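Following: one structure in structure tokens, then a few remarks.
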Amino acid sequence: MNRTITFVSLGPGEPELITVKGLKTLQQADQIFCPATLTPSGKQVSRAANILRALEIEEHKIRPFVLPMSKDRQKAIEAYDQLLVDAANSLHEGKKVVIVAEGDAGFYTSIQYIYHQLEKEHIEVKRVPGIPAFIAAGATGGLHIVKQEERLLVIPGTATADELDQFIRQGYNLVIMKLSACIEAVHECIRRHPETHFHYFENVGTEKEKYISDPEIIAQTNFPYFSLLIIQA
Ligand code: SAH
């Protein structure tokens with residue numbers, strides 16, 4: 001009896017940026033749970049499902065689960081608890097169950113909650129690693145994100161302009177994830193540091209990909225959810 005649920009990392013968005021192991025795991029799966037969101041008009045959208053379709057995974061295997069985007073953590077937990085029940089049921093029916101996440105499935109992913117819940121229920125979990133968005137962004141921009149003795153600090157979008165100041169003065173190279181949460185702080189930081197290099201990325205690996213390195217333009221850009229910033233001294 002199969003007792004393992006596998007978490008597969010899909011990579012940053014470009015379907016070919018999944019690993020060979022990740023693709024094989026998807027091909028062999030019976031059921032693939034993938035995150036989706038609802039647009040204000042109630043339409044279900046899932047970048048993860050689109051990656052699966054581009055990889056020619058059969059439609060009947062794909063089971064989207066809707067994640068509420070609100071800040072109310074309780075709603076998300078309810079969605080995860082439902083996923084937990086559905087995934088465990090499929091497993092008990094003898095199916096090979098996979099749960100997918102974009103980028104790397106162990107890097108700032110909300111599904112870490114379900115991973116730990118499954119462990120608590122003594123369901124074995126495995127994870128197939130993948131390319132995180134910031135690594136793909138480095139390739140898109142032709143950057144060497146850190147070289148020689150340089151240090152990298154990866155932070156979420158909770159930073160203030162003063163904190164960014166401090167990190168830059170301490171000599172770190174920075175990756176800011178979830179950039180939409182700190183638009184003002186970043187705009188301010190750009191004004192304060194004319195000598196620093198800023199690399200802005202949006203929707204890396206998709207047809208909507210954008211890369212901007214002109215600080216004046218970045219300082220006027222309104223960052224969407226799928227955006228990140230790399231700062232180099
Ligand atoms: N597990 C993902 C990170 C998820 S957190 C990974 O390994 O990359 C969500 C944040 O990741 C977004 O707010 C954004 O900052 C970043 N992100 C994810 N995909 C992206 C993409 N294609 N382009 C730019 N940023 C992306």
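The values are calculated or read from the model by the stated rules, or taken from the named source; none is laboratory data. Remember, it's a predicted structure, so these values are computed and weren't measured experimentally. Quick reminder, even Gly has a Cβ in these numbers, built from the backbone with ideal geometry, and neighbours come from all protein chains shown. Just the protein is used for accessible areas: all its heavy atoms, side chains included, with ligands, DNA and RNA removed. Shrake-Rupley method; radii C 1.70, N 1.55, O 1.52, S 1.80 Å.
If only one of I135, I131 is in a helix (DSSP H, G or I), within 16 Å of the ligand (Cβ to nearest atom), of a type in the set (V, I, T) and within 17 Å of the chain's Cα centre (by Cα), which one is it?
Matching residue, one of I135, I131: I135.
Within segment 143-150, is there a residue that is within 16 Å of the ligand (Cβ to nearest atom) and touching a residue at least 60 places away in the same chain (Cβ under 8 Å)?
yes
Can you name every residue in segment 107-119 that is more than 6 Å from the ligand (Cβ to nearest atom), without any contact (Cβ under 8 Å) to a residue 40 or more places away in the chain and open to solvent by 50 Å² or more (accessible area, probe 1.4 Å)?
Q112, H116, E119
Quick one: how many residues across segment 72-106 are open to solvent by 70 Å² or more (accessible area, probe 1.4 Å) and either in contact (Cβ under 8 Å) with a residue 60 or more places away in the chain or within 16 Å of the ligand (Cβ to nearest atom) (or both)?
2
Are any residues in segment 15-48 farther than 28 Å from E93 by Cα, open to solvent by 70 Å² or more (accessible area, probe 1.4 Å) and either modelled with pLDDT under 95 or small (G, A, S) (or both), and if so, which ones?
Selection gives L38, P40, S41, K43.
So how many residues does segment 120-142 have that are in contact (Cβ under 8 Å) with a residue 60 or more places away in the chain and surrounded by fewer than 13 Cβ atoms within 10 Å (Cβ to Cβ)?
Total meeting the criteria: 2.
Checking the condition at pLDDT below 95 and within 11 Å of the ligand (Cβ to nearest atom), which residue from K178, K208 passes?
When all the criteria are applied, what remains is K208.
For residues that are part of a strand (DSSP E or B) and of a type in the set (S, T, N, Q), scanning just segment 191-233, find the one that is least open to solvent (accessible area, probe 1.4 Å).
Checking each candidate, the answer is S227.
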